[in-house]
1. In whole Å, what are the Cα extents of the range 125-228 along the three principal axes, biggest one first?
2. Cα convex hull of the range 323-369: mean projected area in nm², to one decimal?
3. Restricting to Cα pairs below 8 Å that are 6+ residues apart, what does the relative contact order work out to for the chain? Please round to a whole percent.
4. P(r) of the range 1-50 in 10 Å steps, Cα pairs, percent per bin?
5. Take the Cα atoms of the chain, find their three principal axes, and give me the spread along each one in whole Å, biggest first.
6. Which chymotrypsin sites (Phe, Trp or Tyr not before Pro) from the range 308-411 combine a DSSP loop assignment with at most 15 other Cβ atoms within 10 Å?
7. Going from the alpha-carbon gyration tensor of the range 195-248, what semi-axes, largest first and in whole Å, does one get by taking the root of 5 times each eigenvalue?
8. For the pair ALA136 and GLN316, what calculated FRET efficiency results from E = 1/(1 + (r/R0)^6), where r is the Cβ-Cβ distance and R0 = 56 Å, to the nearest 0.05?
Amino acid sequence: MYKQFGISNQVLELAKKAEEEVTEEFKKVDELCEYNSLKVLNAFQKYHVSDIHFNSTTGYGYSDIGRDTIEKIFAQVLHAEDSLVRSQFISGTHALTVALFAFLRPNDIFLSISGKPYDTLDEVIGIVENASSLKAHMVKYEQIDMIENDFDYEKIEKRVAKNDIKLIEIQRSRGYSLRDSITLDKIERVIKTIRKVNQKVIIMVDNCYGELVEKIEPTDLGADIIVGSLIKNLGGGIAPNGAYIAGKKELVDIAAQRLTAPGLGKEVGPTLGINKQILQGLYLAPHVVASSLKTAIFASKLLENLGYEANPKHNQKRADIVQTITFHNKEKLIKFCQGIQMGSPIDSNSVPEPWDMPGYTDKVIMAAGAFTQGSSIELSCDAPIREPYMAFMQGGLTYEYGKLGVLKALQRMLEN
Ligand SMILES: *Cc1c(COP(=O)(O)O)cnc(C)c1O
């Protein structure tokens with residue numbers, strides 16, 4: 001069977017060895033998975049989820065009790081006062097945009113303390129000119145870079161003590177930057193640092209890729225608002241699209257007024273038949289995130305054993321589901337990504353090539369043979385075509401499928 005799938009004995013041997021070397025790490029993931037499953041199950045039971053919540057609304061979407069229950073459950077799982085979980089959010093970028101435009105007004109200052117935010121926010125902020133950016137709406141942007149993979153606590157404390165900043169953004173995952181993803185103990189420390197000198201500033205966390213990777217969320221540590229995508233962790237590979245904003249009730253409401261219209265807020269938004277998928281996705285999410293973590297741990301060990309740089313390393317504490325592998329070689333990078341595509345259930349016969357994508361500055365190669373277009377909780381691998389030729393791999397609906405995809409990628413890379 002493996003031969004038919006194009007996996008050589010050499011790669012199988014490497015896999016066997018790597019897998020044997022990560023049993024300790026896998027055990028920790030299993031424990032995390034059980035804890036977070038309990039958290040989700042508790043929320044389902046608390047709000048008495050029943051068949052009726054799988055029903056759907058059309059048109060304005062008034063009185064959608066499934067949608068309202070979903071938002072209570074997400075709030076509970078995320079330890080937030082309220083949440084907005086909607087398929088009317090096109091993507092994570094859209095949800096972040098809605099949040100930023102909802103909270104920031106002309107002359108407000110927006111401060112990012114984890115360096116430059118995710119690439120797709122460049123035009124939203126106005127780092128790259130756009131007539132509809134925050135900058136075009138007179139919102140000022142400031143940034144404090146991270147130093148040695150940690151916050152610049154001193155600089156942050158000094159800056160926020162002036163009490164003139166409206167909103168601080170922290171991006172938990174690394175995006176396409178070279179820094180590490182940020183673990184929650186660092187987020188806890190920085191929130192304490194901020195609150196020591198400033199009670200008022202809104203602390204918002206871009207939570208993409210971070211959900212359910214630890215036993216708590218940034219909201220447990222005092223973040224006012226968190227934002228993420230449903231075609232990543234919390235969608236469990238089942239939600240067909242959408243994103244969420246969760247946190248303080250008052251802020252969630254302001255965001256809702258911005259997503260729909262002032263006066264309408266959370267009261268409208270047809271669910272068009274996806275309530276069951278959202279619920280089922282959340283139900284499976286702890287396990288799917290665990291599978292993604294195992295896939296990442298396996299891949300990191302496998303490639304470390306061959307001398308490549310993996311970040312995080314197989315036994316390092318993880319802050320998200322993203323695994324980077326640095327190839328220092330354009331050809332190897334492209335072949336690895338193509339191999340991930342070849343190991344996918346969907347479109348395994350297409351060969352991804354680097355191309356110019358909207359929202360990104362460099363050419364990007366994206367391998368994703370996914371059931372849901374662009375889903376990156378399903379095994380996927382992408383890379384901006386620039387030094388040091390680093391692949392960003394994430395997802396895996398089950399560990400077994402994740403592992404097979406990684407083997408295919410390694411095989412293709414070694415053959416070239
Ligand atoms: C994926 C991601 C986004 C944007 O999400 P999309 O759904 O792709 O628009 C924003 N921030 C981070 C850190 C991400 O990983």
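1. 41, 30, 26
2. 3.8 nm²
3. Once normalised by length, the contact order is 19 percent.
4. Calculated P(r), rounded to whole percents: 21, 24, 22, 18, 14, 1.
5. 62, 52, 39
6. For chymotrypsin sites (Phe, Trp or Tyr not before Pro) across the range 308-411 that sit outside H, G, I, E and B with at most 15 neighbouring Cβ atoms in 10 Å, the list reads PHE371.
7. Working through the eigenvalues yields semi-axes of 25, 12, 7 Å.
8. Calculated transfer efficiency: 0.85.
The values are calculated or read from the model by the stated rules, or taken from the named source; none is laboratory data. All values reported here derive from a predicted model rather than from experimental measurement. Positions of Cβ are backbone-derived with ideal geometry, glycine not excepted, and every protein chain shown enters the neighbour counts. When the accessible area is computed, the model is the full protein with side chains, heavy atoms only, and any ligands, DNA or RNA have been set aside. Shrake-Rupley method; radii C 1.70, N 1.55, O 1.52, S 1.80 Å.
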